[in-house]
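The values are calculated or read from the model by the stated rules, or taken from the named source; none is laboratory data. In this text, all values refer to a predicted model and were calculated from it rather than measured experimentally. Positions of Cβ are backbone-derived with ideal geometry, glycine not excepted, and every protein chain shown enters the neighbour counts.
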Amino acid sequence: MADQDQTHNVNFQAPPSWWMPILNGAQSSASATARGHTFLLVSEDIEEAILFGAFLAARQLCHRSDGYQPCGDCNSCRSLLHDAHGDFLRIRQQEGKTMIGIEQIRDATRFAQQTALYGENKVLLFEAAERMTLAAANSVLKTIEEPAGKTLVLLASSEVWRLPATVRSRCQRLMVPRPTQAEGLSWLSAQLGCDATSALERLIFARGQPIAAWIASDSFDFSLETTLNRSFENISSQQRLPSVWANIPIETLLERLLVWVESQARGELLHDRAAERASWLTLHRCIAELSGRVKLGATPSQDIFLAEVYRLCRSRRHSAFDDVAGRFLSNLGRLGRAG
Ligand SMILES: [Zn+2]
């Protein structure tokens, strides 16, 4: 259902299982009063807090909701999927800005006061609400204290301590629980249609956060990061240098490779495979050294550089990998001058 959507809406028919307790909580609190309501949605993973907010918004605005989840098919649900719903406003930091400013709060206030277009409900979602400037936070107080009409106000945050106490005290807090690894894995592999091993790799890479892992995978065709990771994963089956390597700055390549190798080493720790882990750590050391040289201003020729890194990565599982790595490290000086 979310195929043409770029803002990551969870398939409405299948919210993650670990959301269930708070979905019920949000329902009874919101229906206890026919007036507006403000929730502070807290998760360790900001993407998850935002996604949870979008789900609550869909449920609130749906014309055929069973009160528990949205139908996914009415006019309201369809507009939301296309991010074109007149009664739903996302407030987030604008491109090029580091904070949510006061002019965005003015937009939010105007929105909260206008009449609903599709029905009687409206939803205002603050993404990463802790990024409000102090002035913005002060001017939002009235809107969140007494949302006009039947407006549902949602503040999504992963760093709730950064919100002023004046804001926090005006919201009802909903903590998104962290799933068990089994819950996360089963949900992720169902979403991606992949096996448990692949789901586990992605989960580890996303520091155990299934929603973050899902969002990273979702943009596979478009995101440089996932294209790169895929090229790292497949390195032993590739016959020549992945084309994506040649198209990005060397520093970026090394940086992403380091993160990926680190996640592989962590994965082996989980599986208790000491030899595998040791070879990942050796590879990590080589790349970290190289990355350090590049940061210090070494300018290797792109061709030689890529070929060397490629060869090094490919030989990780070779029995003589320690020798290869040793030569690589002692040759670093020569590599650095090659440009
Ligand atoms: Zn609907």
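Under the condition of being in a helix (DSSP H, G or I) and either aromatic (F, W, Y) or within 12 Å of the ligand (Cβ to nearest atom) (or both), the residues counted in region 75-102 number 7. Would region 45-56 turn up any residue that is surrounded by 14 or more Cβ atoms within 10 Å (Cβ to Cβ) and not in a helix (DSSP H, G or I)? Among the residues of region 45-56, at least one is surrounded by 14 or more Cβ atoms within 10 Å (Cβ to Cβ) and not in a helix (DSSP H, G or I), which makes the answer yes.
Considering the conditions (1) touching an Asp or Glu at 6+ places or on another chain (Cβ under 8 Å); (2) within 16 Å of the ligand (Cβ to nearest atom); (3) under 22 Å from N24 (Cα atoms); (4) of a type in the set (A, V, I, L, M, F, W, C), A156 is excluded by exactly one of them, (2). Residues being assigned by TED's automatic domain parsing to the domain that holds L163, more than 18 Å from E146 (Cβ to Cβ) and touching a strand residue (DSSP E or B) at 6+ places or on another chain (Cβ under 6 Å) are represented in region 101-112 by at least one member. Reported count of residues in region 59-74, each being more than 8 Å from the ligand (Cβ to nearest atom) and surrounded by fewer than 16 Cβ atoms within 10 Å (Cβ to Cβ), is 3.
Of all residues in region 116-150, those satisfying the criterion of being basic (K, R) and part of a strand (DSSP E or B) are K122, K150. Scanning region 75-90 for residues that are surrounded by fewer than 19 Cβ atoms within 10 Å (Cβ to Cβ) and hydroxyl-bearing (S, T, Y) turns up just one, S79. Among the numbered conditions (1) within 16 Å of the ligand (Cβ to nearest atom); (2) closer than 22 Å to L23 by Cα, the only one that A49 does not meet is (1). A count restricted to region 233-290 and to residues that are outside any helix (DSSP H, G or I) and more than 25 Å from the chain's Cα centre (by Cα) stands at 7. Take the conditions (1) under 18 Å from the mean Cα position of the chain (by Cα); (2) of a type in the set (S, T, Y); (3) modelled with pLDDT under 95; Y118 misses just one of them, which is (1). Does I204 qualify as being closer than 27 Å to A182 by Cβ and at pLDDT 85 or above? For I204, the condition - closer than 27 Å to A182 by Cβ and at pLDDT 85 or above - is not met.
Cβ-Cβ distances below 6 Å connect the following pairs, each with a first residue in region 259-276 that is closer than 14 Å to T197 by Cβ, a second residue that is among the basic types (K, R), and a separation of six or more residues or different chains: E268/R277.
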